[in-house]
Every structure is written in structure tokens, then in C-alpha cells.
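Remarks on the structure that follows.
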Amino acid sequence: MDNDILGGIRVLDFTTIMSGPYCTRMLADLGAEVIKIEPPEGDFIRTQPPMRSGKSAYFAQLNCGKKSLAIDLRQPKAGELIRELAAKCDVMVENSRPGVMARLNLDYATIAKINPRIVYCSISGFGQTGPWATRSAYAPMLHAASGFDLVNMSYQNGLERPLNTGIYIGDVLGGTHAFGAIQSALLGRERTGRGDYIDLSMMDGVLGMLIYEFQEAQFPQTKRANTFQPTRAKDGFIMIAAVKPNNYEALGKAIGRPEFMTDPRFCNAKGRAENWAAMMSMLDEWASTRTAAECEAILTEGGVPCSRYFTVRETIAQPHLEHRKSFTEIDDGAGPLKVPNPAFKFKSSTAKARNYVPELGADNANVLSSVLGYTKDRVAELGRQGVLCGDGKIS
């Protein structure tokens, strides 16, 4: 599209699982040409549920808009082919364990000699140097290692072990930080003419999210911070997120307690902090005779920040998301599915998921033809040699 803000930017994507693909998916959403390098067996996520007719919706969400180039890096000519491609790319992203790319002669030091303008981003659990650098790392262990899991447990009541991990915050944060860092490096290149190397630690990303907790660890407080708790309604729960004094004033009026702002227990921040449990109990009592929807309607009308608890399925069906075009419907060959668009929108540029999910190696021939000028015969020979895998043909 003519109004793609990253149109003309070519990305060599060596990432797998979640953190790296999340980053490069956003680059593709902004119009970058993302060439996903996959092993002969494909990205592991291709096999993960939800599956439909042999296609992974999980993979589709993380990798729509990319091209797939399936290469067996164990073959002697594979490294040479990758270095040729890197010479023609603006960005290279990888999330291997530190040291792996150097053993393949595909590390930044090697690639920068070929292409000094390359922006090279390495995403890892703990960064490229330091005592923990070479440890394998996935989001659940980063949640544990960073303190996130234990501090989250400390905010709950009655738990004897940390909560289970099912949402991979460390991966999404790491991918988001990588996306931002790459944009910054590309802007720097416009000013200096030189590329840059980005060493991104997912552990640092999780730590950076713990704003109050990071400071409290250095300057311990005698009392646990108050937490926003679900208020129990007649048929479910509602989250009431009153933060500022005007929110509490509106809350008192909405629940029929106008004396709320004159009661010494609740009329100021100090009183509320000291009587938090009593305030939560009062809200439970008010909500107990009403449905969650009724509570939400009353509080919203009164200007109180709040929301019912929805399932993801229920949220996807909300008219607001359709109005905002928060997702795009794509087809991965197994039928239509919705995937989220970026959380941001530009006035003059496109930022949305692209309706293309590649088969493994589907773009082998087209990429090598368009980027490197390879002929059909040369591509076919690489296939016979076992360097290329998959069924990509020049269209």
C-alpha cells in the first residue's frame, strides 16, 4: 500500500515461538516486507492449537503478512544464501540463545561487514552478556526470575503458591520493546547513515513493568499496597477502578452514599488506604443485590471507571471493537479468522494485519527471484541440494 509507513523496509526474520514473531508481525502490519526464515520442519508454533484443517490459528495471528523462506541451515550453502539476503535487508531480527548466530556466522559482527546499514536486533531472555546470558529462557521462567510472580502472589489473599502462567507477558513485552527499538534504530540510520545493534533482554522488560514494586524493593514499606479487587455482584463480578479524588466522589454519589466524601474513613487518600477493606466490603454489599450489568450501567452513568468481567469471546463481540476496527479478518487456508490489529492507528498511514499466512517455504522462489535475482533453475538446484525446503514456486 502506498501509505505504509514501513513500505520499502525489508526484514530478515530469524525468530520463532512468540517474542520475535510478535515484533516482526507488527513490522509487517506497518508494511515492511518480512521474510520469515524457517527450518525444514517449520516454526514450532505451526503445530500449536487452535488447529483447523491442519492450520494453526495461533501461528496465523503471529505470522500473518510475512513471507516464508524454508532453509536447512545445516547445509553448507545455506549460510552463504542468508548472508546474500542480509546484504539486501534493512533489518534482521533473531531470538536464538546467545552464541547460536555467531556459530552460524550470522551474528551482527559478520552481517555488519556485509551491510553496515543493517539494524540487527537480538531478543533473548537475559541479554547477550552476563552470568545468566546463555540460559534458555521462556516467558514463564522470566515471570518467576524477575519477581513478577511472587509479587503478584503477594497481592492475592490466601494463596500458598504462585499463580499458574497461561499468558506470556514477558514474550509480548519483549516483542513490543524490540519493535520500538527497531524503529528508533531506523530513525538513527536516517541521521547517521549507519545501522545499529540492539541487545534486548526480556527480563529487563518485565522488570521495567514493575514500577512501584521495583522502588518498593529498594525502599520497603511497612504495609502492603492496596489492590483493586473484584466487586461481587449478583451474577458475577465488576472491577471498580476509582483512582482520583473525583472518581471517589462520583462513586459515592452513584451508589447512593453522598456522605462518602465526608466520612473520615473514605474522604481522603489516607483514610481510604487505612480503611480499604471496609470500603471493598461496602461496595460488595451495594453490588450484591444487582447484576454486574446493572452495576456497570449505574457506575458508568455516574462517571465511575468500571467494567464487568468478560470472556475473550464476549469481548471480541463488543460493538466498540468493530467500530474501532480493532481486528482484521484474514484467511489462512482453513477458513476465516479474526486477528488483532496494532493498538495504535495513524491518521495518514496504514497499521493493520495483512491477509496472507504463508505455507512453509511458500515464498522460497519468489523471494530469491525478486531480492537476489535468482533464476528458476538456480532455485530448483538449491531445492535438489536440500538447502531449500517447501513448495514455493516463482509465480
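Computed from Cα positions, the angle between helix 19-29 and the longest principal axis of the chain comes to roughly 80 degrees.
FRET efficiency for the Thr192 to Phe44 pair, using the beta carbon distance and R₀ = 45 Å, is estimated at 0.75. At full extension, Lys270 and Gln318 could sit 13.5 nm farther apart than now, given 0.36 nm per residue minus the alpha carbon distance. Report, to the nearest 10°, how far helix 292-301 tilts away from the longest principal axis of the Cα atoms in the chain, using its own Cα long axis and a range of 0 to 90°. Long axis of 292-301 versus the principal axis of the chain: about 80 degrees. Phi angles across segment 36-43 convert, under the Karplus curve 6.51 cos²θ - 1.76 cosθ + 1.60 with θ = phi - 60°, into 3J(HN,Hα) values of 8, 8, 10, x, x, 7, x, 4 Hz, Gly and Pro given as x. If the Kirkwood radius is taken over C-alpha pairs of segment 343-395, then at 4 °C and 1.567 mPa s the Stokes-Einstein diffusion coefficient equals 100 µm²/s. When Rg and the Kirkwood Rh are both derived from Cα coordinates, the Rg/Rh ratio for segment 99-256 amounts to 1.12. Sorting the Cα pairs of segment 183-331 by distance into bins of 5 Å, from 0 upward, gives 2, 8, 12, 14, 12, 12, 12, 11, 7, 5, 4, 2, 1, 0 percent per bin.
Would you mind checking the tilt of helix 76-86 against the longest principal axis of the Cα atoms of the chain, expressed as 0 to 90 degrees and rounded to 10? On a 0 to 90 degree scale, this one is about 60.
Its residue count N sets the reference 2.2 N^0.38 Å, and the alpha-carbon radius of gyration of segment 312-367 equals 1.40 times that reference.
All Cα-Cα separations within the chain were binned at 10 Å from zero, giving a P(r) of 4, 18, 25, 23, 15, 9, 4, 1, 0, each value a whole percent of the pairs. Diffusion of segment 14-89 by Stokes-Einstein, at 10 °C in a medium of 1.306 mPa s and with Rh set to the Kirkwood radius over alpha-carbon pairs, works out to 120 µm²/s.
Based on Cα atoms of segment 98-175, Rg over Rh with Rh as the Kirkwood radius reads 1.15.
At the listed q of 0.16, 0.17, 0.21 Å⁻¹, the Debye profile of segment 266-395, built from one uniform point per Cα, gives log10 I(q)/I(0) equal to -1.00, -1.05, -1.16. Summary of the geometry: segment 49-116 and segment 339-395, compared by the centres of their Cα atoms, lie 12 Å apart. Note on Asp72 and Ala109: with the Förster distance fixed at 30 Å, the Cβ-Cβ geometry gives a FRET efficiency of about 0.80. Ignoring ligands, DNA and RNA, what percent of the 1.4 Å accessible area of the chain is carbon and sulfur? Exposed carbon and sulfur together represent 54 percent of the surface.
Accessible surface calculations at 1.4 Å, restricted to protein heavy atoms, place the chain at 53 Å² per residue.
The values are calculated or read from the model by the stated rules, or taken from the named source; none is laboratory data. Since the structure is predicted, the reported quantities are computational estimates derived from the model, not experimental observations. Counting neighbours? That spans all protein chains shown, and the Cβs are built from the backbone with ideal geometry, glycine included. Heavy atoms of the whole protein, side chains included, go into the accessibility calculation; ligands, DNA and RNA do not. Shrake-Rupley method; radii C 1.70, N 1.55, O 1.52, S 1.80 Å.
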